[in-house]
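The values are calculated or read from the model by the stated rules, or taken from the named source; none is laboratory data. Source: prediction; values computed, not measured. FYI the Cβ positions are ideal-geometry reconstructions off the backbone, even for glycines, and counts take in every protein chain you see.
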Amino acid sequence: AQSVTQLDSQVPVFEEAPVELRCNYSSSVSVYLFWYVQYPNQGLQLLLKYLSGSTLVKGINGFEAEFNKSQTSFHLRKPSVHISDTAEYFCAVSVRNNDMRFGAGTRLTVKP
Amino acid sequence: GAVVSQHPSRVICKSGTSVKIECRSLDFQATTMFWYRQFPKQSLMLMATSNEGSKATYEQGVEKDKFLINHASLTLSTLTVTSAHPEDSSFYICSAINRIQETQYFGPGTRLLVL
């Protein structure tokens, strides 16, 4: 079965600094990869997804992620964060877009 | 706008009562829906896969008699928490797959508090 590991439970960063949230996955078959954001007391919002094709995926709010098959990674990046980016971020993996397996989440805190 | 809705968004109930949560796909047919639960400050854990017209598939450790799932139509799946107890208090999130778009959409979640 597929699984996801988010290496950092918390990432504090100053406003306008770059950020990278790390995600590694494990699967014996080809997978789809996703990043979601969750604001307090709200549901999930899709940031971006990788299904196939170009390994660099651009999403909403200025986020992007790169699929690296050899390193089984799908790290999320943003060149300059805002206070409003403070939230919980989840990496997820699925096989053929079926049931998703989520990482433990990374709490991004953007400080002024 | 939202393509998957959940009702209610928040519910408080007494211990021992049953609570039904609805998940609807608003503008597409979903033969498959999923139910997740999320404890505070934790990740989402898949509870079960809901298939239209057939029995749900439960993940290991999830009591099927405790969490009844009914996927009676192509746009509606329901999760009933039977004889709820305080430890069932959680955030329940559903998702539905739009096979045409190859996209899974998540509902906004239902917060259940059992007193």
With the condition kept exactly as written, say whether any residue in the range B:66-74 is in contact (Cβ under 8 Å) with a residue 60 or more places away in the chain and either more than 11 Å from chain A (Cβ to nearest Cβ) or over 10 Å from the mean Cα position of the chain (by Cα) (or both).
no
Out of B:Phe34, B:Phe67, I need the residue that is within 15 Å of B:Gln6 (Cα to Cα) and of a type in the set (Phe, Trp, Tyr). Which one?
B:Phe34
Among (1) modelled with pLDDT of 90 or more; (2) more than 14 Å from the chain's Cα centre (by Cα); (3) not acidic (Asp, Glu), there is one condition B:Tyr92 misses while meeting the rest; what is its number?
(2)
Can you find, within the range A:13-51, the residue that is nearest to the chain's Cα centre (by Cα) among those that are on the phi < 0 side of the Ramachandran plot and exposed (fewer than 12 other Cβ atoms within 10 Å of the Cβ)?
A:Pro18
Examine the range A:17-37 for a residue that is of a type outside the set (Gly, Ala, Ser), more than 26 Å from B:Ile93 (Cβ to Cβ) and in contact (Cβ under 8 Å) with a residue 60 or more places away in the chain, and state whether such a residue exists.
yes
Report, by residue number, each residue of the range B:85-100 that is surrounded by fewer than 17 Cβ atoms within 10 Å (Cβ to Cβ) and within 11 Å of chain A (Cβ to nearest Cβ).
B:Arg99
Restricting the range B:101-115 to residues that are more than 7 Å from every other protein chain (Cβ to nearest Cβ) and in contact (Cβ under 8 Å) with a residue 24 or more places away in the chain, the residue that is surrounded by the most Cβ atoms within 10 Å (Cβ to Cβ)
B:Thr110
Single residue of A:Arg96, A:Arg101 found to be closer than 20 Å to B:Gln101 by Cβ and charged (D, E, K, R):
A:Arg96
Exactly one condition in (1) in contact (Cβ under 8 Å) with a residue 24 or more places away in the chain; (2) of a type in the set (D, E, K, R); (3) surrounded by 13 or more Cβ atoms within 10 Å (Cβ to Cβ) is false for B:Asp27; which is it?
(3)
If only one of B:Thr82, B:Thr49 is more than 14 Å from chain A (Cβ to nearest Cβ) and either touching a residue at least 12 places away in the same chain (Cβ under 8 Å) or within 24 Å of B:Gly16 (Cα to Cα) (or both), which one is it?
B:Thr82
Okay, strands (runs of 3 or more DSSP E) sitting entirely in the range B:1-105 with 2 or more residues that are of a type in the set (A, V, I, L, M, F, W, C) and closer than 27 Å to A:Tyr89 by Cβ, I get B:19-25, B:32-38, B:44-51, B:90-98
Pairs only if they're at least six apart or on different chains, beta carbon under 7 angstrom, first in the range A:86-107 and facing another protein chain (nearest Cβ under 8 Å) and on the phi < 0 side of the Ramachandran plot, second polar (S, T, N, Q) and outside any strand (DSSP E or B); list them, first residue then second.
A:Phe90/B:Ser43; A:Arg101/A:Gln2; A:Phe102/B:Ser43; A:Gly103/A:Gln6; A:Gly103/B:Ser43; A:Ala104/A:Gln6; A:Ala104/A:Ser9; A:Ala104/B:Ser43
Residue ID - farthest from A:Tyr39 (Cα to Cα), chosen from residues in the range B:106-115 that are assigned to a strand (DSSP E or B) and either aromatic (Phe, Trp, Tyr) or over 14 Å from the mean Cα position of the chain (by Cα) (or both)
B:Val114
